[in-house]
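Quick notes on the structure that follows.
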Amino acid sequence: MLEKGAAGDEILTMLVKAAEDVGGPGTAVCSILVLDKDGLLRNAASPNLPADYLAAIDRLKPNPKVGTCSAAAATGSVVVTCDFQADDKWAELRHLPMALGFTGA
């Protein structure tokens with residue numbers, strides 16, 4: 001895609017869709033967030049997340065104790081959440097995946 005001159009957002013969207021395909025239909029919803037110039041998380045590619053979900057996470061400050069993406073941005077490390085229901089980092093955001101119909105592990 002790079003060689004053909006695809007835009008960055010097209011490439012990121014393709015990567016998200018590929019990750020969702022690995023999970024299988026209805027089992028994964030993925031996103032890529034980036035840090036803006038103010039150091040806040042912004043949506044870069046989330047083709048299957050609804051607007052209200054994206055609005056709720058827009059401009060989150062990186063925090064090692066909040067969610068998966070925020071924790072990864074804060075620590076600079078890979079953060080894996082196996083069960084958002086059991087993970088304390090999801091306490092403030094747990095309602096978001098639940099509204100999409102996800103119930104945890």
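Each value in this text was obtained by applying a stated rule to the coordinates, not by laboratory testing. Given the structure is predicted, the values throughout are model-derived calculations rather than measurements. Cβ: placed from backbone, ideal geometry, glycine included. Neighbour counts: every protein chain shown.
Taking region 4-105 as the region of interest, the helices (runs of 4 or more DSSP H) fully inside it that hold 1 or more residues being surrounded by 13 or more Cβ atoms within 10 Å (Cβ to Cβ) and in contact with a Gly (Cβ under 9 Å, 6 or more places away or on another chain) are 51-57, 68-75, 95-99. Scanning region 10-33 for residues that are without any contact (Cβ under 8 Å) to a residue 24 or more places away in the chain and in contact with a Leu (Cβ under 6 Å, 6 or more places away or on another chain) yields a single hit, I32.
For region 34-48, the count of residues that are more than 27 Å from L2 (Cα to Cα) and in contact (Cβ under 8 Å) with a residue 40 or more places away in the chain is zero.
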